[in-house]
1. With N denoting the number of residues in the stretch 94-155, provide Rg(C-alpha) divided by 2.2 N^0.38 Å, to two decimal places.
2. Applying a 10 Å radius around every beta-carbon, put 163-175, 90-102 in order of their mean neighbour count, most first.
3. Ser230 to Ala93: extension gain in nm, 0.36 nm per residue of separation minus the Cα-Cα distance?
4. Just to verify a number: FRET efficiency for Lys119 and Ser206, C-beta to C-beta distance, R0 = 22 Å, to 0.05?
5. Put a dot 7 Å past each Cα toward the Cβ at Val149 and Gln179; how far apart are the dots in nm?
Amino acid sequence: MTMFDRLRFRSGATSRSTRGATRRISGLLAVVGVVLGVGVAGCGVPGSGGPERVDVGLGLDDTLPTTTTSTTSTTIVAASTTSAMATTTTIVATEDVSLFFISGGQLTPISLPLTTPTKLAQVMAALQGGTSQFGAPSNGLRSAIPLGVPAIEVTDDGNGIATVSLPVNFFDGIPSGDQRLAVAQVVLTLTQRGGIGQVRFMMAGSPIGVVLGSGEQSEPGRPVSRADYSVLLGGESTPPISPAPTTAFVAPATSDGHALHTTTTVGSSTSTVTISG
């Protein structure tokens with residue numbers, strides 16, 4: 001075999017080896033292609049050729065963290081406080097004042113405690129108040145001074161004479177038989193007070209005369225005395241009738257409910273108790 005024949009033989013063998021390797025590589029590539037195709041097909045989204053909705057798995061649709069809000073309720077219990085009530089006792093000085101009322105055509109004194117120093121205006125206001133303020137001790141007594149009339153004004157002249165100003169038409173509402181009794185009630189009550197011995201009567205600023213105990217008419221402006229009505233006294237030796245001890249509310253509880261005042265009258269002294277809360 002010549003040199004040329006040996007080179008051609010080697011060239012042919014090389015070509016056959018090359019073609020064989022190429023066929024093996026092509027086959028391998030085909031297998032890889034099939035495998036890749038299957039993988040892509042498995043990972044692909046089967047569809048009809050258009051966009052389709054993809055359901056996201058549980059927990060993946062929460063785009064914001066969940067926030068939980070809790071409310072705490074606080075209850076404040078007020079503490080119960082008990083305080084002792086303070087009691088203040090005030091002693092109010094009083095004196096027994098004799099007021100004259102009618103009993104069977106005669107005048108009889110009945111005493112009423114009034115605060116001191118007692119003024120003549122207080123005494124006259126008490127006399128005009130009638131007998132109902134005394135309760136049971138005044139049973140059988142009456143007054144000739146009509147209720148509901150304007151206040152009878154009285155002043156102390158300082159010389160032992162009290163000047164009484166009667167309301168206009170004072171006697172119009174009093175029966176004629178009771179007019180001297182009404183005047184006697186005023187005169188005897190005022191002259192029972194220390195320092196007063198006579199009473200002068202006026203009406204509408206002018207002096208007037210009044211009926212005396214004897215039934216006669218006094219001269220206008222002339223003061224009258226206790227002696228002018230002594231005939232109407234039912235026996236001054238008898239001590240004045242005193243009402244039973246009483247307890248009265250002089251003021252209700254205040255608007256804020258923290259004070260209550262009571263007055264207890266016993267004889268000639270009165271005690272006022274103030275209870276503060």
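Each value in this text was obtained by applying a stated rule to the coordinates, not by laboratory testing. All of these numbers come straight from a predicted model, not from anything done at the bench. Neighbour counts run over all protein chains shown; Cβ positions are idealised from the backbone, glycine included.
1. Ratio of Cα Rg to 2.2 N^0.38 Å: 1.10.
2. 90-102, 163-175
3. Extending this stretch completely gives an extra 46.2 nm.
4. Calculated value: 0.35.
5. Going by the 7 Å Cα→Cβ label model, 1.1 nm.
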